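The values are calculated or read from the model by the stated rules, or taken from the named source; none is laboratory data. Every value quoted in this text rests on a predicted model; they were computed, and no experiment measured them. SASA here: full protein model, heavy atoms, side chains in, ligands and nucleic acids out. Shrake-Rupley method; radii C 1.70, N 1.55, O 1.52, S 1.80 Å.
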Amino acid sequence: MFDSLPATLLALFLAVCVLWLIWQAFRRLLSPRKRRLEPSFADEQDRSRIVPAGPQVAAAVSTIPDAADVLALKAAIDNLARQVAALEKRLAAGQTSLPPQPVPGDRASEQSPAIPSVSPDHRI
């Protein structure tokens with residue numbers, strides 16, 4: 001009784017999808033043709049150039065950092081370097097009880113697994 005239920009539901013779903021696609025096609029064919037243009041970057045620039053009437057204040061924004069900005073950035077980098085060094089010391093002190101781990105780039109001490117050769121004619 002319920003053996004054909006999944007197949008019936010799938011067929012019903014596909015029929016609804018096809019009917020929806022046909023409905024959308026008819027709506028597009030019967031709707032009045034509108035010229036839909038994507039807003040271009042030039043349009044956005046033109047809108048941003050419109051300035052409301054009133055007193056205009058020229059605010060010059062400099063993108064070149066001054067000496068104070070450079071010194072603040074240098075101090076922040078130095079502080080971060082000190083924090084990283086302190087964290088490395090704490091991690092190194094915490095791992096003294098563990099045996100040294102091999103470096104991932106050092107594969108000379110390990111046996112490499114046998115990797116089968118791959119050719120275009122060989123398929124798995």
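Determine, yes or no, whether GLN24 is among the polar types (S, T, N, Q) and modelled with pLDDT under 65.
no
Going through segment 47-103 one residue at a time, which ones are modelled with pLDDT of 90 or more, open to solvent by 100 Å² or more (accessible area, probe 1.4 Å) and not hydrophobic (A, V, I, L, M, F, W, C)?
Passing the criteria: LYS74, ARG82, GLN83, GLU88, LYS89, ARG90.
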